[in-house]
Amino acid sequence: MKKAFLLTAIVSFGYAQEILLKEVELKAKKETFKDSLEVREIRESSAKDVGEALSKLEGIWKIRKGGIANDVVLRGFYRDNINVLIDGVRVYAACPNRMDPPAFHVDFSEVERIEIIKGPFDVRHQGSMAGLVNIITKKPEEGFRIKLNASAGSFNFINLSPVVSYADDKLGILVGYSYKYSKPYKDGDGRRVTEYANPRYKSEFINSKAFEINTYWTKLGFKPIKNHNVEFSYTRQDARHVLYPYLMMDAIYDKTDRFNMNYQIDGISDTLKSLKFQLYYTRVDHPMDNSLRNAPVYMRTNAKTKTYGGRLEANLGDLTLGFEAYKRNWDAVNYRGTTVQYAIPDVDTENFGLYGEYKKNLSDKLRLIAGLRLDTTKTEADSSKANTNLYFDYKDTRSTSKRDTYPSGNVQLFYELQKGTELFVGLGHSVRVPDAQERYFALIRPPAVGSDWVGNPELKPSRNTELDLGIKHSTDKALIRATAFYSFVQDYITVHEQRKVNNVSGTPNNRARSYENVDAQFFGGEADLRLSLTQELFLFGGMSYVQARKETKPDKNIRSSRVAEIPPLKTRLALRYDKGMYFGEVETILSATQNRVDTDLNERRTSGYGVINVKVGGNFRGFTLNAGIDNVLDKKYFEHLSYQRDPFRAGVKVPEPGRTFYVNVSYTF
């Protein structure tokens, strides 16, 4: 019993022992390349969304644009270089500047856990070039249950969420709702984040609401016959008046629909263990404008995206075979004064992929995982909307469609050196296709701005070949894990300044924000320590580091060998006193100065910082309560990923919140 208690306390951060033990068992079953964040760990924090919550893990950072909608950065990779899915469902950002990243389109109260694969070791989902973040939503638990969640904090933040569910042997149903609201936060100097915007906000909007979000969801599962399981789920998110000081516009609203259907048959035969079928549809409607700003000219963009997709997967014991297909449409229309432009000209992306994964214990000490995948992807813009003159001016092409066919795969080996010590090595290769914005974006901007914005229809897919090495050592009192990686990305897609090569469109500018393929190298690693000092006192530590270099192409105005938006060294150290029913924790997060910047994009040095956070909590008879203070010393600081780099942006650095109080309460019955 003592051994089980200590292991539980080491591997998880919690206060309910039976819940912790369940989580430990789940985590122990995951492969070494995978990590996870449980909903209880999220509820202990002040995070407003999934992107912010995930930044607590080693190897993950965030891009903050305002009070919410933080984007996920994994080992220096972001945007489409990583896959961020919800129950395996593709939900894409509609905004070209990712006001609404995929992780934004799910509420905490929906989430059961978040699984992370670092590196190109996922063959089940196309495009996991540098990693996968899969957000797993809750299922109905047995019996009738009601869970009430409430959070409140500084800057008038409030989040209320009731969830009702019922399940028996034949039927399960879950219904949930969440309301989330906040004013703009203040930094350590007492300035509101909205005071940093460019163009500046009108005085009446500096302290207006930062966001207001209503989310509704339901999940229905039933078993029509023995060994057959059917599940339907639907989520509607309605976000309004979301402010983004990081950008030049703000969201008028952001309406998202997610529909997902799963059908699984188990025990079909001795050979065919199970058969799974998934079908989904997602849609995002996202208009944005600068009406809240003191802008010289009114500007608005109506952006929409929708995705249809599905997969068929067969489990044959050690071997899993599958087929995946999806179609994404992305359309964005820009209005500046009386000028209308199809910035993203109604682009379709269609993908078909076949994959297989083999898992085998080669001996008592050696395990093997091997995967292989083949995809074909077609991207095509509406030629009647695409500004092919702009493509020709800057890229010497009028192409509006392209097809790419490519393989990917990986091999992973896990070797138990001795009891409690495991070594692992993984070699993976994965590909991602340029998205609609990178290939077909087209926006003529006024002479006062000085540059246009144009995609590159001839972009090649990025291909990541990566080697990971690591060790995991666990005892009754300690868990130590360390991973190192080296990644070579052929045809990495970077932003650059493109000069005109032709001049037929009559545009006033001679340069543009565009995209180019370069070869790049990423390398670094993570370390994680969890140590039991006594039965009630625990020490946690972690470190994350990444560097990146790229080839130079002076003829393309790519002269810097530094890759932009690479986060600096980050460390975390926490001391926790935990009695099971109640706990207290003190945490410090340190970030190094980042001097390695991309001078081509006017990237600026970011100073290091250190912050202290504290929290306490407990549970009793169905009640769970935790409260905390982040940034106890009220320090003003910026994370390195706090602004857009290139010389065609506002260049605003968004500070992190100052001293922030929060309390989270839940009651289950």
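The values are calculated or read from the model by the stated rules, or taken from the named source; none is laboratory data. The shown structure was predicted, so the numbers you read here are calculated from the model rather than taken from an experiment. Quick reminder, even Gly has a Cβ in these numbers, built from the backbone with ideal geometry, and neighbours come from all protein chains shown. Surface areas here come from the heavy atoms of the whole protein model, side chains and all, with no ligands, DNA or RNA. Shrake-Rupley method; radii C 1.70, N 1.55, O 1.52, S 1.80 Å.
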(request) Set Lys and Arg Cβ to +1 and Asp and Glu Cβ to -1, take the dipole of region 523-564 about its Cα centre, and tell me which of Met543, Leu533, Val563 lies farthest positive. (result) Val563
(request) Within the set of other residues whose C-beta is less than 10 Å from the C-beta of Ile480, count the net charge using Lys and Arg as +1 and Asp and Glu as -1. (result) +2
(request) Multiply the residue gap between Thr668 and Leu279 by 0.36 nm, knock off their C-alpha separation, and tell me the result in nm, one decimal place. (result) 136.8 nm
(request) Give the residue from Val133, Ala520, Gly88 lying farthest towards the positive end of the charge dipole for the chain; charges sit on Cβ (+1 for Lys and Arg, -1 for Asp and Glu) and the dipole is referred to the Cα centre. (result) Ala520
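State the percent of C-alpha pairs, over all pairs in region 297-402, separated by a distance greater than 24 angstrom.
Everything past 24 Å amounts to 50 percent.
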(request) Can you check how the C-alpha radius of gyration of region 125-166 compares to 2.2 N^0.38 Å, as a plain ratio? (result) 1.83
(request) Considering the options Asn329, Ala303, Met248, tell which one lies farthest towards the positive end of the dipole of region 229-360, charges being +1 on Lys and Arg and -1 on Asp and Glu at the Cβ, about the Cα centre. (result) Met248
(request) Can you check what the net charge comes to around Tyr216, using other residues whose Cβ is under 13 Å from the Cβ of Tyr216 (Lys, Arg +1; Asp, Glu -1)? (result) +1
(message) Please compute the modelled spin-label separation between Lys255 and Val340, points set 7 Å along Cα→Cβ, answer in nm with one decimal.
(response) 2.0 nm
(request) Pop out the ³J(HN,Hα) list for region 326-337 in order, Karplus 6.51 cos²θ - 1.76 cosθ + 1.60 with θ = phi - 60°, rounded to Hz; leave Gly and Pro as x. (result) 7, 9, 10, 10, 9, 9, 9, 10, 9, 10, 10, x
(request) Ratio to report: Rg/Rh of the chain, with Cα atoms as the point set and Rh obtained by the Kirkwood method; give two decimals. (result) 0.95
(message) Nearest 500 deg cm²/dmol is fine: what mean residue ellipticity at 222 nm does the chain get from its DSSP H runs of n ≥ 4 alone, each adding -39,500 (n - 2.57), divided by its residue count?
(response) -2000 deg cm²/dmol
(request) Enter the accessible area per residue of the chain (Å², integer; probe 1.4 Å; all protein chains in place). (result) 39 Å²
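What size of dipole, in debye to the nearest 20, comes out for the chain about its Cα centre when the only charges are +1 on Lys and Arg C-beta atoms and -1 on Asp and Glu C-beta atoms?
Values: 98 positive and 83 negative charges, 169 e Å.
So the magnitude is around 820 debye.
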(message) Can you return the lysines within cross-link range of Lys553? Criterion is Cα-Cα under 30 Å, with same-chain partners fewer than 8 residues away left out.
(response) Lys62, Lys118, Lys378, Lys395, Lys402, Lys460, Lys500, Lys653
(request) Could you work out how far apart the two model spin labels at Lys579 and Ile268 are, taking each label as a point 7 Å from the Cα in the direction of the beta carbon, and quote it in nm? (result) 5.5 nm
(request) Return the distance in nm (one decimal) between the two label points of a simple spin-label model at Val586 and Leu319, each offset 7 Å from Cα along Cα→Cβ. (result) 5.8 nm
(request) Work out the length of the dipole vector of region 574-669 about its Cα centre, built from +1 on the beta-carbon of each Lys and Arg and -1 on the beta-carbon of each Asp and Glu, and round it to the nearest 20 debye. (result) 180 debye
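Can you tell me the FRET efficiency between Val504 and Ala650 if r is taken as the Cβ-Cβ distance and R0 is 35 Å, rounded to the nearest 0.05?
Efficiency, rounded to the nearest 0.05: 0.70.
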(message) Less than 16 Å from a label point 7 Å out along the Cα-to-Cβ axis of Ser383: which backbone N atoms in region 326-351 qualify, by residue?
(response) 345-348
(request) Enumerate the calculated ³J(HN,Hα) couplings along region 85-90 in order (Karplus 6.51 cos²θ - 1.76 cosθ + 1.60, θ = phi - 60°), each rounded to whole Hz, writing x wherever the residue is Gly or Pro. (result) 10, 10, 6, x, 9, 8
(message) For region 400-523, take the convex hull of the Cα atoms, compute a quarter of its surface area, and give me that in nm², please.
(response) 11.2 nm²
(request) Just report the Cα centroid separation between region 89-160 and region 252-300, whole Å. (result) 11 Å
(request) Taking H placed 1.01 Å from N in the peptide plane, check which residues at least 5 places from Tyr515 or on another chain put their amide H under 5 Å from its amide H. (result) Asn456, His496
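For Ile471 and Leu220, compute 0.36 nm times the residue count separating them, minus their Cα-Cα distance, and round to one decimal in nm. Don't jump to the answer; show the numbers that get you there.
Values: separation 251, 0.36 × 251 = 90.36 nm, distance 4.13 nm.
Contour length minus Cα-Cα distance gives 86.2 nm.
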(request) Under 12 Å Cα to Cα from Lys276, which aspartates and glutamates show up? Leave out anything in the same chain fewer than 8 places away. (result) Glu231, Asp266, Glu313, Glu324
